[in-house]
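S.K.: One structure, pasted below without further comment.
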């Protein structure tokens, strides 16, 4: 019984030593040589080629087998903290000029500029001409942006149109209305057209008035 126990202890010791060798410095295929006592079963490791003593048996075994297949890939680790930003690199050379792009859409019409100074007085007209001032025409109260309207003035019977003009205004803010046209509507009538550029406040109106220069029809 003691001999069996001693043998088992010796085998366990050698197995442990072999495991250490296999995981430490031993390479795959290297062999370990030992001598086992025939009487006690105790093992002792010897160098390769060294003979065992009388009463011992020679033993040898490999320290490792062939390399196994790679294991499964483990899960990705947690993302580490963002590193410190590196220094700014040097400015590279200027690139080639690109092709000219397509022309973009027209921009929004800008606000109406300030009214210009009054022009010089023109030469005197025919002595038979007269200025006819038309009635003031107004929009409804609080007219909305985009509202268009016109004011006309006609020459008296027996006269014809030489020229004309007019004005467009509002009692809210000057920039909220503008004249869009001033032209002869016929040989005896002048027309002025205005537009609301921005919603007028409650109770506010836009007005237009036309005038005509008429002369005796010869």
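Please treat every number below as a calculation from the coordinates, not as lab data. Everything numeric in this text was worked out from a predicted model, so none of it was measured. Because the Cβ atoms are built from the backbone with ideal geometry, glycine has one as well, and the counts that use them run over all protein chains shown.
S.K.: Compute the whole-percent fraction of alpha carbon pairs in the range 109-218 spaced more than 24 Å apart.
M.R.: 33
S.K.: Let me ask something else. Relative contact order for the range 37-195: what percent, with Cα pairs under 8 Å and sequence separation of 6 or more?
M.R.: 15
S.K.: Here's a follow-up. Within 10 Å, count the other beta carbons around each residue, average over each peptide in 195-203, 162-170, and list them highest first.
M.R.: For the peptides 195-203, 162-170, the packing ranking is 162-170, 195-203.
S.K.: Below 8 Å, C-alpha to C-alpha, sequence gap of six or more: please give me the relative contact order for the range 130-216 in percent.
M.R.: 47
S.K.: Once you put a point 7 Å from the Cα of residue 142 and another 7 Å from the Cα of residue 60, both along the Cβ direction, what distance in nm separates them?
M.R.: Going by the 7 Å Cα→Cβ label model, 11.1 nm.
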